[in-house]
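Notes follow once the structure below has been shown.
The values are calculated or read from the model by the stated rules, or taken from the named source; none is laboratory data. None of these values were measured; they are calculated from a predicted model. Quick reminder, even Gly has a Cβ in these numbers, built from the backbone with ideal geometry, and neighbours come from all protein chains shown.
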Amino acid sequence: MLGTGRYETMGRSTTMETGRAFEARDHQGAETPPPETAMELRRDEIAGKLKDLRGRMRDRRLELVVLRQAPNVAWLTAGASTSVVLTSDTSAVGIAVSQDRVTILADTIEAPRLEDEEYLAALGMQIDAPVWWDTGSSLASLLARSRATGSDDRWIGPDITDISSDLRELRTRLRPGEIQRLYQAAGIAGQALQKTILELEPGMTELAIAGEVGRHTISEGAQVVVNLIASDQRITRYRHPLPTAKPVERYVMLVLCASVGGLIAAITRLVHFGSLPAELEDKSHAVAEIDARLILTSRPGRTLGDQFSCAEEAYREAGYPDAIREHHQGGSIGYLGREVMAQPGDPTVIESSQAFAWNPSIPGVKSEDTILVTPDGPEVLTGRFEWPVIPCGFAGESLNRPAILVR
């Protein structure tokens, strides 16, 4: 359970929320299972996904599906690490799925690690490993024998059916093992920011801060997907501030997306050295209320269009009606930093066991955490550490959102 204390800023009372140090746990708080059990869980997860994917193949009358995009390869392999060039959308290997076989399209470079460390052969997948200069031959042979092929990569051959939307729909419905990996990513992301913030001092450059965020993230077993740092006037000027050599004067924003087993968690926190200006404090309370409303209304059956309208109304009530035009508000999160962004009229329906990251912003402030939609309501995953919070509420429900930490 979380405890509370008091935290004062500019005469306005906020709450200090204290969470336990996060360890690798599933969504019910159980410890990470032993290796043998983990393998069984992965095997069951893959079997369920193959059943769903093959059902879609029958519906679309496809004999073969080829996956090349990194999010889809991570999804079907239950979190195997297959990306070598982290800035590429494409995995270093592909997967060919028919009604009776799963083939990993690898080569002599990738195959040994995939078998020894990712256990793909033990999980029932055939690893095809031609010599590295002939990697296209296996795929060409499969395509030649298939009368109808679907893929997430239309460039693999002629007459390919694009199944990207089918795959996105399947991978955003998180299974228990995926929720566990998302919890791990959320815990590592939160702790990485907390550790970095404890080290912050005026005069540090944004690049140095980004380096510390990356160090604390990678050393705990997660990958850095997004690492944005802004200080002082850059926070107001830029919504996506890539870190620079600028030294911190008084105000810092840290934005991190970290992934474990392909599942991504997003978090933003703000730190101010010295007394907080009244205008900045007012903005932080406004954006916290908008964020709380988006989180509390993230319920099964609502649509992303409903959520956009909710945000639009909240910005208008807060006195910042144009801010919604200046940056997207977030949306579903999973194997991509945003699977689907909320837009006007979007009919995408929110379901239980889906993850979301809303990120409302007003020039100079932002609020962002990763949440899980559950039958009992939304659960915040990334905020499990000590931090000052702003008590917020909507429609009779209350929720604490992060304040600006004053040091």
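Descriptive notes on the structure:
- Residue in the stretch 186-201 that is part of a loop (DSSP other than H, G, I, E, B) and not acidic (Asp, Glu) present: yes
- Close pairs from the stretch 296-319: first closer than 16 Å to Ala355 by Cα, partner among the charged types (D, E, K, R), Cβ under 9 Å, at least 6 apart: Leu296/Glu397; Thr297/Asp306; Pro300/Glu351; Gly301/Glu351; Thr303/Asp346; Leu304/Asp346; Gln307/Asp346
- Exclusive hit being surrounded by fewer than 19 Cβ atoms within 10 Å (Cβ to Cβ), in the same structural domain as Thr348 (by TED's automatic domain parsing) and over 19 Å from Glu249 (Cβ atoms), set Ser219, Ser165: Ser219
- Asn400 fulfils the conditions (1) over 20 Å from Arg175 (Cβ atoms); (2) among the polar types (S, T, N, Q); (3) not in a strand (DSSP E or B) except for a single criterion, (3).
- You will find that of Leu207, Leu198, the residue that is more than 22 Å from Asn72 (Cα to Cα), free of Cβ contacts under 8 Å to residues at least 12 places away in the same chain, among the hydrophobic types (A, V, I, L, M, F, W, C) and surrounded by fewer than 21 Cβ atoms within 10 Å (Cβ to Cβ) is Leu198 and no other.
- Glu279 meets the conditions (1) charged (D, E, K, R); (2) buried (at least 16 other Cβ atoms within 10 Å of the Cβ); (3) part of a helix (DSSP H, G or I) in every case but one. The failed one is (2).
- Any pair with Cβ under 8 angstrom, 6 or more apart, that starts in the stretch 84-101 at a residue that is under 14 Å from Asp153 (Cβ atoms) and ends at one that is exposed (fewer than 11 other Cβ atoms within 10 Å of the Cβ): Ala92/Val85
- All positions within the stretch 63-103 that are among the basic types (Lys, Arg) and surrounded by fewer than 19 Cβ atoms within 10 Å (Cβ to Cβ): Arg101
- Any hit, the stretch 327-339, residues being over 17 Å from the mean Cα position of the chain (by Cα) and crowded, with 22+ Cβ neighbours inside 10 Å: no
- Just one residue in the set Glu178, Glu199 is charged (D, E, K, R), closer than 19 Å to Ser259 by Cα and assigned by TED's automatic domain parsing to the domain that holds Gln223; that residue is Glu178.
- Strands (runs of 3 or more DSSP E) completely within the stretch 105-164 that count 1 or more residues being in contact (Cβ under 8 Å) with a residue 60 or more places away in the chain and touching a strand residue (DSSP E or B) at 6+ places or on another chain (Cβ under 7 Å): 149-151, 160-162
- When each of Pro243, Pro247 is tested for being modelled with pLDDT of 95 or more, in contact with a strand residue (DSSP E or B) (Cβ under 9 Å, 6 or more places away or on another chain) and surrounded by fewer than 18 Cβ atoms within 10 Å (Cβ to Cβ), the lone residue that passes is Pro247.
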